[in-house]
Ligand SMILES: Cc1cc2nc3c(=O)[nH]c(=O)nc-3n(C[C@H](O)[C@H](O)[C@H](O)COP(=O)(O)OP(=O)(O)OC[C@H]3O[C@@H](n4cnc5c(N)ncnc54)[C@H](O)[C@@H]3O)c2cc1C
Ligand code: SF4
Ligand code: SF4
Ligand code: FES
């Protein structure tokens, strides 16, 4: 019998600070025993576990096409996330996963993809972007558009990588900050406004939309105006979680468990759920 | 399958034979509380009441359980390693409760290790209820005082003996191996049947619940909920006493490099259950929390399990300090939806 609560040992391979306010850190983890390595898809999450401190769910920010490490970006908010921030390279922690479903890549194969994100919710959408742009996959998808906003440049995660992507011609990247600051020559304005300015075509296109609730709330009407039906707009939902596998009863909205049936849902599915997201 | 007869004065011997291969759990009374516990050698179960106050789910799913241990050598699982478990004297509603919890803990995708280990090779011997209580309503929700769901053997108490009716092949095999167990005669079986019919007939006719789910779904945002939940204190007596409520928390404790990971029964009735880092709580009001409990049992579980997640044991009815009665709620929901013309 397999013990689904038993964390698998992983080692911290490298650590990077991801924001200038020191609330975000990115960890690359490697399996202590290579044969523990698992396959996963963009959008899935894992439970990261520090023995004696606790465990919690974190979206996988690396892409399955990137071998040899698993990436997570952690926002420091409480006990576990603070302990994670204190980790050093070489430390061992535990991991359970991959958990949950993933972005519906099979559904939008051959189509255009618009990725809209804000704040540190970019994590699993970075995974998706890298996955779609992998030479082995790129030909299977149409145009890729990425709209990403942060409050200010210092809170923009994966910035070096985003600036590399800006120069590539197989992806259109739009970066925005809330208010103009000196030295910023890209877009200015909230994500919903910028999305309207850019007005990505809804023809044969799917949207992956992840960010703070307020951003989602105001972006949805714009997307509707552009002609995206709710069946083609996906998001990743969050709830407090414990088990991550549909047992502890904590993360339901309506009859769905976010950890098991999600975290990725289309707005067509969400509209059918009675509880507010 | 063969049916058997157990004289009550041979119960001790019967349980001792079971104890040779099983850890035998049965109802006991301790400090004025009735619950299930492993019988000590020579101890007889307390059988002069119907349901225990504490539900028997803790036999397979302890209220607190250390699941992992951490020390210098790493992480170890601390699962149950005792004998297979036999439950004697559980009531039919509670036996069905095991099945409902099991559908959650062992689903298509994931098997809950700690539950599954305790359930492995386990035996459930239930005793039917000759005189259901006034708070019992198993017959509303697809059960009955002699329902066999979840039982390996169903016993009928005739006063001086138990007529044992194996339900599963495993139950049949174990009964066949018990020494000195008499075969039940036609007459015994008739006697048991008469008691079963009488018990069911003694329960008031249940209302039709076909439209309950659609009524609740239609009423989700209706002020109806404010009325039916207004008295609720959020104490969670209902969920802790419920044989089908399964929510849990996982917590770590540690001191000087050694630690444990514990799983503990939790409840959707407490605000912290869903409170998030940002301070946001998707279930802010007690209304939304009690609504979650009722929606889960009478709507969501119909979708996920194909039947209600309530077995009608009535424990929440008798344990609620402000007398909230789930049956009144059910009747009220159906009537409200009908009056408002909203049910599907
Ligand atoms: C599917 C999913 C993916 C996630 N991905 C990421 C990610 O990539 N990066 C990241 O930094 N965070 C992510 N989170 C949130 C992260 O899991 C929580 O912030 C973390 O578990 C908090 O742990 P803590 O011990 O530090 O906080 P605690 O000390 O337990 O609590 C601090 C505060 O956080 C709240 N909290 C605890 N657990 C959660 C939770 N699971 N969700 C929301 N609030 C919680 C508590 O109510 C409390 O107010 C994700 C959550 C989910 C459900
Ligand atoms: S027992 Fe009664 S008061 Fe307590 S949470 Fe349940 S319904 Fe509310
Ligand atoms: S909801 Fe109440 S009556 Fe139904 S199974 Fe739970 S405790 Fe028993
Ligand atoms: S986190 Fe336990 S059910 Fe989803």
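Observations on the model:
- Taken over region B:71-102, residues that are buried (at least 17 other Cβ atoms within 10 Å of the Cβ) and either under 13 Å from the mean Cα position of the chain (by Cα) or away from chain A (no Cβ under 13 Å) (or both) amount to 17.
- Filtered residues of region B:225-257 (kept if more than 16 Å from ligand 2 (Cβ to nearest atom) and surrounded by fewer than 20 Cβ atoms within 10 Å (Cβ to Cβ)): B:249, B:251, B:252, B:253, B:254, B:255, B:256, B:257
- Only one of the numbered conditions (1) within 10 Å of another protein chain (Cβ to nearest Cβ); (2) away from ligand 2 (no atom under 16 Å from the Cβ) is not met by residue A:219, and that is (1).
- Boolean, residue B:68 is surrounded by 15 or more Cβ atoms within 10 Å (Cβ to Cβ) and in a helix (DSSP H, G or I): no
- Which listed residue, of A:263, A:230, is touching a residue at least 40 places away in the same chain (Cβ under 8 Å) and touching a strand residue (DSSP E or B) at 6+ places or on another chain (Cβ under 6 Å): A:263
- The condition (being modelled with pLDDT of 95 or more and either outside any helix (DSSP H, G or I) or more than 10 Å from chain B (Cβ to nearest Cβ) (or both)) is satisfied by just one residue among A:68, A:43: A:43.
- Screening region B:212-224 for residues that are within 12 Å of chain A (Cβ to nearest Cβ) and crowded, with 19+ Cβ neighbours inside 10 Å and picking the one that is nearest to ligand 2 (Cβ to nearest atom) gives B:216.
- Filtered residue count, region B:278-331, keeping only those that are within 14 Å of chain A (Cβ to nearest Cβ), over 21 Å from the mean Cα position of the chain (by Cα) and in a loop (DSSP other than H, G, I, E, B): 8
- Tallying residues that are farther than 23 Å from residue B:79 by Cα, more than 13 Å from ligand 3 (Cβ to nearest atom) and within 8 Å of another protein chain (Cβ to nearest Cβ) within region B:234-277 yields 5.
- Residue in region A:257-277 that is more than 23 Å from residue A:105 (Cα to Cα), out of contact with any helix residue (DSSP H, G or I) (no Cβ under 8 Å at 6 or more places or on another chain) and more than 14 Å from every other protein chain (Cβ to nearest Cβ) present: no
- Residue B:160 meets each of the listed conditions (1) at pLDDT below 95; (2) under 28 Å from residue B:294 (Cβ atoms) apart from (2).
The values are calculated or read from the model by the stated rules, or taken from the named source; none is laboratory data. Worth saying up front: this structure is predicted, and the values here are computed from it rather than measured. With ideal geometry, Cβ positions are generated from the backbone for all residues, glycine too; neighbour counts draw on all protein chains shown.
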